[in-house]
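Since every read-out is calculated from the coordinates, none of them should be taken as a lab result. Remember, predicted model here, so these are calculated numbers, not experimental data. FYI the Cβ positions are ideal-geometry reconstructions off the backbone, even for glycines, and counts take in every protein chain you see.
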Amino acid sequence: MQATFGTHNRKTINNSAKLINAPRRTAAYDVPKAWKTLIAASSPVELVKNRFLKEARAEVILEMKKAGRLVPKFSADGKIAVIRINSKAQIHSPIAARQARQLFSRELQVVMVANEGYARGFVNYSCRVPTCARGRDPPVNIPEILIQAAEGADDDSLRERLGTRFAGGHKNASGGMIPQAAFEEFLEAIGVSGDEEPSPSPKKSPKGSANQGKLNERS
């Protein structure tokens, strides 16, 4: 790796890494071709110039831009921000990470991005702790918050119907795949209705806030 950094500048290496990771997030999910491209390349420059990788990266960026225009809705208690997207690309995780750095609220504890277009009949979701909630005492624990929300539903069977892939991961990052119908019930349980207008919320921390400097941290 030292030899690579000595031969190529950091920008080229970083761009090649972004490009080689792009195909796994596209709708085609052509990871085998990405792997073959990586093995065949003699340098990061070849990866940066590769048409297949550039097209995959462009697709991901386009899907991210579309989703970036969506406004989150907030749970009744303000703890969970939900952003619903519909994309065949696997972009729910990077969007959750990005929104976690941007959204700001004193009550906010979880940013959830739910992708309803990735797998028919299911919702693939990704959750992150927002930057504004980092360092709180007690610490935010996403799986615990999600499970408590599900268990608070009027229907006691909701937690089981959400499946074994609900509320996985660790306290700062959680993701999973749950049935569409159960997801709609989960939203109802936390007070997010699909018929209401998106909840208003500032996209960034107010200027002068103690959290302003933290918004540049990676989630």
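Let me know the Rg and Dmax you get for the chain when you use only its Cα atoms, in Å.
19.2, 62
Take residue 180 and residue 42, extend 7 Å from each Cα along the Cα→Cβ direction, and tell me the distance between the two endpoints in nm.
According to this spin-label approximation, the distance is 5.0 nm.
To the nearest 0.05, what FRET efficiency results for residue 172 and residue 17 with a Förster distance of 35 Å applied to their C-beta separation?
Working: r = 23 Å, r/R0 = 0.65.
Given R0 = 35 Å and the Cβ-Cβ separation, E is 0.95.
Which trypsin sites (Lys or Arg not before Pro) from the range 49-110 combine a DSSP loop assignment with at most 10 other Cβ atoms within 10 Å? Let's see the in-between values first.
Numbers: sites: 49, 51, 54, 57, 65, 66, 69, 73, 79, 84, 88, 98, 101, 106; in loops: 69, 79, 88, 106.
Sparse-neighbourhood loop trypsin sites (Lys or Arg not before Pro): 69, 106.
Return the sequence-ordered ³J(HN,Hα) values of the range 74-80 in whole Hz as given by the Karplus equation 6.51 cos²θ - 1.76 cosθ + 1.60 applied to θ = phi - 60°, using x for Gly and Pro.
10, 5, 4, 8, x, 7, 10
If you take the beta carbon distance between residue 9 and residue 54 as r and set R0 to 22 Å, what does 1/(1 + (r/R0)^6) give as a FRET efficiency, to the nearest 0.05? Please list the in-between numbers first.
Working: r = 19 Å, r/R0 = 0.85.
After rounding, the FRET efficiency stands at 0.75.
On a 0 to 90 degree scale, rounded to 10, what angle separates helix 180-190 from the longest Cα axis of the chain?
So the helix axis and the longest Cα principal axis differ by about 60 degrees.
Pull up all non-local amide H partners of residue 175: gap of 5 or more, or a different chain, and H-to-H distance under 5 Å with H placed in the peptide plane.
127, 168, 169
Tell me, what ³J(HN,Hα) does each residue in the range 81-88 have, in order and in whole Hz, if you take phi through Karplus 6.51 cos²θ - 1.76 cosθ + 1.60 with θ = phi - 60° and put x for Gly and Pro?
9, 10, 10, 9, 10, 9, 9, 7
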